[in-house]
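Undergrad: Got a structure for you, questions after.
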């Protein structure tokens, strides 16, 4: 290289650094920083629409499919002073309860909060739910009959044909929290250990659960309804049923659940589908939630986004999207797709997740010893 | 899987792959040495293609296939890793100094041993011969491929195979405390230690030399094996590049149609590419110049040499550990002001790329300081063969309309010099920038809010399965910088020709 060339090449990184600084300065002042645990494929469109309608720029940080929700929650906890995030769009509820407990959320009772039923919002307005998903069993309909009987048989006889995401993160963590509360710690641990020992297929996210079932590698999987609909829209041979739980046990208090920590393991294999014996058991309906981070410097814009996300229009948009989210507040039901109407029926049996924070904490502690030794 | 088990599994995979790759690396290196100089760049390009091809695309292509069973995923991951590490080993071996013990010397030792089979001394001498000869020559190459294999992140994550890198990402997201994270990081660091020591020995300052004459195997034996090498290269190129490329290209028309219909999508992609490119150029070229300074420092005392080599260690530990450490460090109150800026991202890339830059510099110095380059430089020099200054010729011709063009011989020499000396250096710079562009852990963990690299978004979307739009976006994201690099090289070449190689 000639000396002149080297000189001109030295200018290139300087130029790149200037571009970088310019880009950084251009995003810093007025953009609303949103951490979003909801699937990027659906959330980005909604946030773009918010920017289009309000003119407020939004900078989104998504997490990966495998580690979503918990990864962002921990990031918010780590960044508490000063916070980088303004609004947290979570894809589940208990993480918000945790953030509220830690004093990291700002209360806001806006128009969205008013229209959402009590079960899916914080009483003081620290967070509010919207557009829910159901935990469902996804079946490969050409390989097994679509009945709860099938699940019970597979759990008892061939768990290697069942797929599940690692319960460390996301809605599978909520699912486990509910089971922790429902069965008690010992029974859940025994059930989990037994399934893993007998070859349960653990994958890195609910989308991967959908994939392995749709491909026929597994017959059944535990996933969310949005992942199921992706496979269905692709013309794959899948069918779904809601995960149902015994109603009485699910409503036990956390203290009761802690007491019931012995002797539950014997019937663990069949426990997941107790509902087949008791029709009309509770379902797991997990709303998206949104909250404003304490210490935000863009409170006005943050409140507008919360109102926008929890509005009937956004709920309808998410219901009509490929993910078929279930509206929680009142919406014009004539505009809902048929699939969502069915889901809305199921969601009415949704277990109240708000009191489950102690169970979640205990469950997380145990999962850490299971997966992150 | 516990961290210890994950580390153990990754290490076992690494050892097996290194042992399997070693004979093939030797075979390909010998085969390459026998290629004529004119064909060697082409063969090297084919050899290196699977290593340079974005592994995110490879993982994305084979993800569905791997999901069928954990065993299949493990085999696939090992196979694809094998394809990726072999080129690294071959290049490292090509750059290694010649064996101190020739093949004929070892043969003589064997003959001596046959005469004294029971003699421990003879056995010991034979082992010493192997150690100081072929084994010692192979060690840097083996260490480098071991590091590449052990630090694998994207492939393991997308194919869902057991890996310590995946464990660490989960732990970081799970919110393990700083102390715990640092404590746990000891596992992979300790396991990498022998590999790091071996790799650092590459930077001992020795230059590549040709092997001793009798190290070169006979032509007949080499011809028998060249078929094997060609088959391997074909397979590696097909699995590591062509299949992913074909799948992406197949989805391109449909994907582009979808993209064009969504202006926010492609403007977003464009912005992400600008951000990633700016960071990569900034980090890549800075590292290139720092690497130049590193290699230019004259040999000093042992302490200074050790200190210089010590600068390479953090980068050799891999970008994941580096980024995780940076995240932990940036949580300190006194470093918070730079936390949400691009600075940590650029700095982490700089540290990570430094060993690569130094290795590239050493390699290029060995490759470009040849007789051919010297002759081309003489040809380009302002004094013609008749002793007349070409500068004066140019001045004398100022009255003619065509005299501003440099003399034909100088154009040719400029062209030659460009191809022999400048082009490899430009490619080296481009390579560093492209590595920075492709590095997921730094972008994933250190990019400030509002300045995401498209790489993270694509990686995220790849977990949802294959789609036409995603394939098109990926192809654009990974392909456009390559096109830009190619155009830059053309531009430099044109400038060099038209400036007549003026220094």
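The values are calculated or read from the model by the stated rules, or taken from the named source; none is laboratory data. Remember, predicted model here, so these are calculated numbers, not experimental data. Note that we place each Cβ from the backbone using ideal geometry, even for glycine, and neighbour counts take in every protein chain shown.
Undergrad: For residues in the stretch B:435-456 being under 20 Å from residue B:53 (Cβ atoms) and out of contact with any helix residue (DSSP H, G or I) (no Cβ under 6 Å at 6 or more places or on another chain), which is farthest from the other protein chains (Cβ to nearest Cβ)?
TA: B:438
Undergrad: Among the residues that make up the stretch B:222-236, is at least one of them within 14 Å of chain A (Cβ to nearest Cβ), modelled with pLDDT of 85 or more and in contact with a helix residue (DSSP H, G or I) (Cβ under 8 Å, 6 or more places away or on another chain)?
TA: For the stretch B:222-236, residues within 14 Å of chain A (Cβ to nearest Cβ), modelled with pLDDT of 85 or more and in contact with a helix residue (DSSP H, G or I) (Cβ under 8 Å, 6 or more places away or on another chain): absent.
Undergrad: Right, another one. Can you confirm whether the stretch A:153-166 contains a residue that is within 30 Å of residue A:235 (Cβ to Cβ), under 24 Å from the mean Cα position of the chain (by Cα) and assigned to a loop (DSSP other than H, G, I, E, B)?
TA: yes
Undergrad: Residue check: is residue A:173 closer than 26 Å to residue A:37 by Cβ, more than 14 Å from chain B (Cβ to nearest Cβ) and crowded, with 20+ Cβ neighbours inside 10 Å?
TA: It is false that residue A:173 is closer than 26 Å to residue A:37 by Cβ, more than 14 Å from chain B (Cβ to nearest Cβ) and crowded, with 20+ Cβ neighbours inside 10 Å.
Undergrad: Would you confirm whether any residue within the stretch A:31-40 is assigned to a helix (DSSP H, G or I), within 13 Å of another protein chain (Cβ to nearest Cβ) and closer than 30 Å to residue B:263 by Cα?
TA: Yes: one or more hits.
Undergrad: What residue, among those in the stretch A:124-144 that are under 21 Å from the mean Cα position of the chain (by Cα) and assigned to a loop (DSSP other than H, G, I, E, B), is nearest to residue A:343 (Cα to Cα)?
TA: A:127
Undergrad: Residue B:147 is checked against (1) more than 13 Å from chain A (Cβ to nearest Cβ); (2) at positive phi and fails just one. What number does that condition carry?
TA: (2)
Undergrad: Continuing with the same structure: For the stretch A:97-120, does any single residue satisfy the condition of being touching a helix residue (DSSP H, G or I) at 6+ places or on another chain (Cβ under 7 Å), away from chain B (no Cβ under 14 Å) and in a strand (DSSP E or B)?
TA: Yes, because at least one residue in the stretch A:97-120 is touching a helix residue (DSSP H, G or I) at 6+ places or on another chain (Cβ under 7 Å), away from chain B (no Cβ under 14 Å) and in a strand (DSSP E or B).
Undergrad: Just checking, how many residues over the stretch A:313-341 are in contact (Cβ under 8 Å) with a residue 24 or more places away in the chain, over 15 Å from residue A:225 (Cβ atoms) and assigned to a loop (DSSP other than H, G, I, E, B)?
TA: Residues meeting the conditions: 2.
Undergrad: Determine if the stretch A:52-70 includes at least one residue that is more than 9 Å from chain B (Cβ to nearest Cβ), modelled with pLDDT under 80 and touching a helix residue (DSSP H, G or I) at 6+ places or on another chain (Cβ under 7 Å).
TA: yes
So that you can scan it fast, the table gives a plain yes or no per residue for (1) surrounded by 24 or more Cβ atoms within 10 Å (Cβ to Cβ); (2) within 12 Å of chain B (Cβ to nearest Cβ):
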{"site": "A:165", "(1), (2)": "yes, yes"}
{"site": "A:180", "(1), (2)": "yes, no"}
{"site": "A:183", "(1), (2)": "yes, no"}
{"site": "A:187", "(1), (2)": "no, no"}
{"site": "A:190", "(1), (2)": "no, no"}
{"site": "A:193", "(1), (2)": "no, no"}
{"site": "A:211", "(1), (2)": "yes, yes"}
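Undergrad: Does residue B:452 count as touching a residue at least 40 places away in the same chain (Cβ under 8 Å) and buried (at least 22 other Cβ atoms within 10 Å of the Cβ)?
TA: Taking the combined requirement at face value, the residue satisfies it.
Undergrad: While we're looking at this one, here's another question. Hey, any hits in the stretch A:274-284 for a residue that's touching a strand residue (DSSP E or B) at 6+ places or on another chain (Cβ under 6 Å), at pLDDT 90 or above and either more than 14 Å from chain B (Cβ to nearest Cβ) or surrounded by fewer than 23 Cβ atoms within 10 Å (Cβ to Cβ) (or both)? Before you say what the answer is, go through the steps one by one.
TA: From the stretch A:274-284, those touching a strand residue (DSSP E or B) at 6+ places or on another chain (Cβ under 6 Å) are A:275, A:281-284; that's our starting set.
With at pLDDT 90 or above added as a condition, the list becomes A:283-284.
This time we only want the ones that are either more than 14 Å from chain B (Cβ to nearest Cβ) or surrounded by fewer than 23 Cβ atoms within 10 Å (Cβ to Cβ) (or both), so: A:283-284.
Checked against the condition, which is being touching a strand residue (DSSP E or B) at 6+ places or on another chain (Cβ under 6 Å), at pLDDT 90 or above and either more than 14 Å from chain B (Cβ to nearest Cβ) or surrounded by fewer than 23 Cβ atoms within 10 Å (Cβ to Cβ) (or both), the stretch A:274-284 yields at least one hit.
Undergrad: Name the one entry in B:432, B:483 that is touching a helix residue (DSSP H, G or I) at 6+ places or on another chain (Cβ under 8 Å) and more than 10 Å from every other protein chain (Cβ to nearest Cβ).
TA: B:432
Undergrad: Restricting attention to the stretch B:154-179, and to residues there that are within 11 Å of residue B:3 (Cβ to Cβ) and within 9 Å of chain A (Cβ to nearest Cβ), which single residue is modelled with the lowest pLDDT?
TA: B:176
Undergrad: Find the helices (runs of 4 or more DSSP H) located wholly in the stretch B:1-109 whose residues include 2 or more that are surrounded by fewer than 17 Cβ atoms within 10 Å (Cβ to Cβ) and within 14 Å of another protein chain (Cβ to nearest Cβ), and list them.
TA: B:3-33, B:55-66, B:70-95
Undergrad: Still on this structure, please answer the following. Could you say which residue among A:128, A:146, A:97 is under 19 Å from residue A:315 (Cα atoms) and either modelled with pLDDT under 95 or not assigned by TED's automatic domain parsing to the domain that holds residue A:235 (or both)?
TA: A:128
Undergrad: Is it true that residue B:187 is crowded, with 17+ Cβ neighbours inside 10 Å and either under 23 Å from residue B:62 (Cβ atoms) or modelled with pLDDT under 85 (or both)?
TA: Against the criterion (crowded, with 17+ Cβ neighbours inside 10 Å and either under 23 Å from residue B:62 (Cβ atoms) or modelled with pLDDT under 85 (or both)), residue B:187 does not qualify.
Undergrad: Which helices (runs of 4 or more DSSP H) sit wholly inside the stretch B:439-503 and have at least 2 residues that are under 24 Å from residue A:61 (Cα atoms), modelled with pLDDT under 85 and not assigned by TED's automatic domain parsing to the domain that holds residue B:249? Walk me through how you get there before you give the answer.
TA: On the way: elements: B:440-446, B:454-462, B:468-498.
Passing ranges, in order: B:454-462.
Undergrad: Condition first: in a helix (DSSP H, G or I) and buried (at least 20 other Cβ atoms within 10 Å of the Cβ). Can you find one or more residues in the stretch A:53-68 that meet it? Before the answer, list the steps.
TA: The first filter runs over the stretch A:53-68 and keeps only residues in a helix (DSSP H, G or I), leaving A:53-54.
Still in the running and buried (at least 20 other Cβ atoms within 10 Å of the Cβ): none.
Among the residues of the stretch A:53-68, not one is in a helix (DSSP H, G or I) and buried (at least 20 other Cβ atoms within 10 Å of the Cβ), which makes the answer no.
Undergrad: Working carefully through the options B:426, B:420, find the one that is out of contact with any strand residue (DSSP E or B) (no Cβ under 7 Å at 6 or more places or on another chain), more than 22 Å from residue A:204 (Cα to Cα), within 9 Å of chain A (Cβ to nearest Cβ) and surrounded by fewer than 22 Cβ atoms within 10 Å (Cβ to Cβ).
TA: Working: B:420 fails: within 9 Å of chain A (Cβ to nearest Cβ).
Checking each option against the conditions leaves just B:426.
Undergrad: Among (1) within 13 Å of another protein chain (Cβ to nearest Cβ); (2) in contact (Cβ under 8 Å) with a residue 12 or more places away in the chain, which single condition is residue B:315 missing?
TA: (1)
Undergrad: For residues that are surrounded by fewer than 19 Cβ atoms within 10 Å (Cβ to Cβ) and at pLDDT below 85, scanning just the stretch B:336-360, find the one that is nearest to residue B:183 (Cα to Cα).
TA: B:336
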